[in-house]
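Below you'll find the structure, written out as structure tokens, and then a few comments.
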Amino acid sequence: MKYVWPILILLVAATATTLLFLLRPEPDVEEPARYVPAVNTVTATPESVRLTVHTQGTVEPRSATTLTAEVGGRILWVADFFEAGGFFSEGDILLRIDPIPYEAALAEAQAALAGARLALEQERVMAEQARHEWEEHGGREPTPLVLRQPQLEKARADLAAAEARVRIAERNLEHTRIRAPYDGRLREQLADLGQVVAPNSTPLARVYAIDYAEVRLPISLHQADKLNLPESSAAENTERVPARFHTRLNNS
């Protein structure tokens, strides 16, 4: 009898569960509400936008030069503007070196040139005379030495060398006048009246050009992305990017 009751209980529970499942009510089916978000639209149009990038740098001249003399000697004259801060134009004479030794050297070179021209004309006459004499006496073919051809070639070479020495003397005399290489300003005066300077070694002045100036402005990678700067390698020419700068001097 003790085994019958559990079985009956299980049967009753199974029967009740089945009836509850079969007699369950059908759920109501409803369509979900449709949510339509409200949006505002605008038409996108391109326009120019000015970007502001804050940075700072040092203004540097495009060209800066330390002047030296190509010839040596004593400084006999300096220009009035030959001082720190003085302005000058391209070709202006900044100072003069004593020209007398170079004028003498030029005179000697010109005299040597005249002598070389005379020697060449004499050799031409002598070579022509030697040819005529050989033709009158006949005989076998003459040697170049008999016809004075080596002597004539040497005279031509001596003339070319004399002309070169004259050009060098003229250039040295011109270089006693130290001229400005460009429109610029004198940053530092390093020589003055009466000073003896050595060629290509004694600094005379430090100058810089005033036609262009460069400012190297460091910017971050984030700023560079906004500016859309061109990429270039060392072998390519860097594309110039237009920029606008504002400055204020003397609180004006």
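The table for this structure:
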| item | result |
| --- | --- |
| Amide hydrogen neighbours beyond the local backbone of Arg179, cut-off 5 Å, H modeled | Leu94 |
| Å² of accessible area per residue within the stretch 50-204, as computed with a 1.4 Å probe and no ligands counted | 64 |
| Residue-span extension gain [Leu221 to Ala164] - 0.36 nm each, minus C-alpha spacing | 14.7 nm |
| Hull volume in cubic angstrom per residue (convex hull over the Cα atoms of the stretch 7-84) | 480 |
| Interchain or long-range residues, amide H under 5 Å from Ala205's placed H | Leu67, Leu190 |
| Area of His54 that stays accessible when all protein chains are in place (1.4 Å probe, Å², to 10) | 150 |
| Along each principal axis, Cα extent of the stretch 50-181, largest first, Å | 96, 45, 18 |
| Distance from the stretch 68-141 to the stretch 11-45 (C-alpha centre basis), Å | 114 |
| Estimated vicinal HN-Hα couplings, Hz - the stretch 80-93 in sequence order (Karplus 6.51, -1.76, 1.60; Gly, Pro = x) | 4, 8, 7, 7, 4, x, x, 9, 8, 10, 4, x, 4, 7 |
| Phi-based couplings in Hz for the stretch 176-190 (Karplus 6.51, -1.76, 1.60; Gly and Pro marked x) | 6, 9, 7, 9, 6, x, 6, 5, x, 9, 8, 7, 8, 8, 10 |
| ³J(HN,Hα) computed for each position of the stretch 40-55 - Karplus, 6.51 cos²θ - 1.76 cosθ + 1.60, integer Hz, glycine/proline x | 10, 10, 9, 8, 6, 10, x, 8, 7, 10, 8, 9, 9, 10, 8, 7 |
| Distant-in-sequence amide H partners of Gly86 (H built 1.01 Å from N, under 5 Å) | Leu186 |
| Net length gained if the chain between Thr65 and Lys154 were fully extended (0.36 nm per residue, minus Cα distance) | 27.7 nm |
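The values are calculated or read from the model by the stated rules, or taken from the named source; none is laboratory data. Source: prediction; values computed, not measured. What goes into the accessible areas is simple: the full protein's heavy atoms, side chains included, and nothing from ligands, DNA or RNA. Shrake-Rupley method; radii C 1.70, N 1.55, O 1.52, S 1.80 Å.
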